[in-house]
Each structure stands twice: as C-alpha cells, then as structure tokens.
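Student: My questions all concern the structure below.
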Amino acid sequence: MSNYTVESTKVETSDGAAKLHARFFKPKEAEDKAGGGRDDLVIMLVHPFTVLGGCQALLKGIAIGLAERGYKAVTFDMRGAGRSTGRASLTGFAEIKDVIAVCKWVCENLGTRRILLVGSSAGSPIAGSSVDQIEEVVGYVSIGYPFGMLASVLFGRHHKAILQSQKPKLFIMGTQDGFTSVKQLHNKLKSAAGRVETHLIEGAGHFQMEGPAYDAQMANLILTFAASL
C-alpha cells in the first residue's frame with residue numbers, strides 16, 4: 001500500500017491561453033503546518049520539451065519518490081502537453097506563464113511560502129527563467145540543462161535569467177549528455193551568481209536521465225539539496 005496520495009486539479013494561466021492539468025503528490029503522514037522548516041516546502045517539477053513529447057508523466061517517478069520521503073511534490077502539463085489546453089511554444093517563453101500560474105496555485109492552496117523549482121531538460125531553462133519572477137521560489141534544480149550550441153538556438157535567451165539569479169542552484173547532468181558537454185556546463189556556470197552546485201552522473205546520456213532507471217537517484221539529489229535550503 002502506497003504511503004502517498006495523488007490529487008488532480010486544473011489551473012488557468014494569467015493570459016487565459018491555457019488550462020493546465022496538474023497533479024499534487026502528498027505524503028499520507030504529512031500534516032499541514034504553518035511555517036515550520038522543511039514541512040512547508042513544496043517541490044515543483046517542470047517537464048521536458050512539449051514539442052518532443054514532454055509531459056508531466058515523465059516526472060511521476062521522481063514525484064512519487066519525493067512524496068514517499070515526506071515531501072509535497074507537484075507536476076503539471078505545460079500548455080499543449082498531456083491534458084492541458086493551449087499551444088506549446090518553440091522557445092519556452094510562453095510556458096513561463098504556466099510555471100508562474102501553478103506556483104501561484106501552490107501558494108494559495110497548499111499553505112506554503114517556499115517552493116523548490118526543478119526543471120528537466122527543456123523544462124530547465126523554462127523553470128530557470130521563472131525563478132526570480134516568483135518570490136516564494138527559494139531554490140532551483142536543473143536536470144540536464146541544454147546549454148550546448150544547438151539547443152541554445154531555441155533556449156539561449158533563457159540562460160541569463162538563471163545565471164544572474166542569487167537563489168541557490170544545483171545543476172545535475174550526465175557526462176555523456178548529447179546536448180551539453182561537461183566543459184560547456186562548467187564554462188557557463190563560471191559566470192553564475194550566488195550559490196551554485198553541480199552533480200555529474202558518469203556515463204549517463206541526456207534522455208537516459210529522463211527514464212525511470214534514474215528516478216530514485218534524481219529524487220535523492222533533489223532531497224539532499226532541498227534539506228540545505
């Protein structure tokens with residue numbers, strides 16, 4: 001028997017362009033408390049590129065792992081993905097409104113003032129551009145940020161926002177990532193402000209880390225970082 005529950009909801013974006021399907025993974029033993037350290041932290045996961053089939057289902061395993069360890073987690077389909085309405089954009093700028101809308105719902109409905117934003121693949125630049133637009137976001141985790149030259153054609157304009165943010169950041173990447181080399185990652189992060197951490201997974205490719213084989217490891221890395229906030 002699972003020790004977490006899942007609830008679904010719909011969240012409308014501020015521009016009225018989409019109704020987003022979101023899921024809330026809650027530990028059964030969790031008691032909502034006002035204030036109180038890690039108990040009020042919600043971890044929100046932003047899925048990979050919608051245009052290539054990205055959707056919140058890819059993050060279900062990580063969300064379950066977080067909930068089983070006592071943390072509240074939220075996933076959602078960005079506009080045009082899964083059961084959400086609207087149309088996906090190529091560059092991910094419209095989707096920033098999606099992240100902001102779901103964060104607002106989280107604050108209003110889950111009794112929190114602390115959110116950890118986690119982006120996977122193309123969800124990383126989208127989440128990264130949202131970090132400083134949401135006061136309640138206290139930290140950021142990227143899984144496979146596409147910093148490489150080819151990916152930068154689509155997502156390059158997102159880089160500045162997360163690199164200039166003073167909020168704590170963790171970048172997780174496989175050493176065989178086909179979109180970003182280890183050297184490119186380190187070169188980008190040289191200019192990053194605030195507290196910056198990296199975790200390299202030896203031999204892992206970009207799409208491998210989106211698969212269930214890495215869910216437990218991703219959850220552990222996220223939780224270790226969350227505990228430091």
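Student: Considering the Cα trace of segment 89-182, what is its radius of gyration and what is Dmax, both in angstroms?
Tutor: 13.2, 41
Student: Hey, what does the equivalent ellipsoid look like for segment 16-142, semi-axes from the Cα gyration tensor as sqrt of 5 times each eigenvalue, largest first, whole Å?
Tutor: Those come to 23, 15, 13 Å.
Student: Quick one: Cα centre-to-centre distance for segment 128-186 and segment 199-229, in angstrom?
Tutor: Segment 128-186 and segment 199-229 have Cα centres spaced 15 Å from each other.
Student: Report the Rg/Rh value for segment 158-229, based on alpha-carbon coordinates and the Kirkwood definition of Rh.
Tutor: 0.97
Student: Do the alpha carbons of any pairs in LYS19/LYS169; LYS97/LYS167; LYS19/LYS97; LYS169/LYS190; LYS60/LYS97; LYS97/LYS169 sit beyond 18 Å of each other, and which pairs?
Tutor: Violating the 18 Å Cα-Cα cut-off are LYS19/LYS169; LYS97/LYS167; LYS60/LYS97; LYS97/LYS169.
Student: What whole-number volume per residue, in cubic angstrom, does the convex hull of the C-alpha atoms of the chain give?
Tutor: Per residue, the Cα convex hull of the chain comes to 108 Å³.
Student: Cut-off under 17 Å on the C-alpha distance; same-chain residues fewer than 8 positions from LYS188 excluded. Which aspartates and glutamates are left, in chain and number order?
Tutor: Those aspartates and glutamates meeting the cut-off are ASP177, GLU197.
Student: Suppose a student asked you for the relative contact order of the chain, using Cα pairs under 8 Å spaced at least 6 residues apart; what percent would you report?
Tutor: Reported as a whole number, the value is 17 percent.
Student: Let me ask something else about it. Taking every pair of distinct Cα atoms and averaging 1/r, then inverting, what Kirkwood hydrodynamic radius in Å comes out for segment 144-198?
Tutor: That comes to 11.4 Å for segment 144-198.
Student: Turning to a different aspect of this structure: So for segment 167-229, averaging the separation of alpha carbon pairs under 8 Å that are six or more residues apart and normalising by length, what relative contact order in percent results?
Tutor: Worked out over segment 167-229, it gives 43 percent.
Student: From Cα pairs below 8 angstrom and at least 6 apart in sequence, can you work out the relative contact order of segment 90-153, rounded to a whole percent?
Tutor: Relative CO of segment 90-153 lands at 33 percent.
Student: Continuing with the same structure: Could you pull out every residue, at least 5 positions away or on a different chain, whose amide H is within less than 5 Å of the one on PHE171? Hs are placed 1.01 Å off N in the peptide plane, and Pro or chain starts have none.
Tutor: SER142, GLU197, THR198, HIS199
Student: Which of rounded, prolate or oblate describes segment 79-133 when judged by the alpha-carbon gyration tensor and an a/c cut-off of 1.5?
Tutor: Oblate, since a/c reaches 1.5 and b/c is not below a/b.
Student: For the chain, which whole percent of the accessible surface, found with a 1.4 angstrom probe, sits on carbon and sulfur atoms?
Tutor: Here carbon and sulfur together make up 52 percent of the probe-accessible area.
Student: While we're on this one: Quote the accessible area belonging to ARG114 in square angstrom, nearest 10, computed with a 1.4 Å probe and with ligands, DNA and RNA left uncounted.
Tutor: Probe radius 1.4 Å; accessible area of ARG114 about 50 Å².
The values are calculated or read from the model by the stated rules, or taken from the named source; none is laboratory data. Note that this is a predicted model, so its numbers are computed, not measured. Ligands, DNA and RNA are stripped out before the accessible areas are found, and what is left, the full protein with its side chains, is counted by its heavy atoms. Shrake-Rupley method; radii C 1.70, N 1.55, O 1.52, S 1.80 Å.
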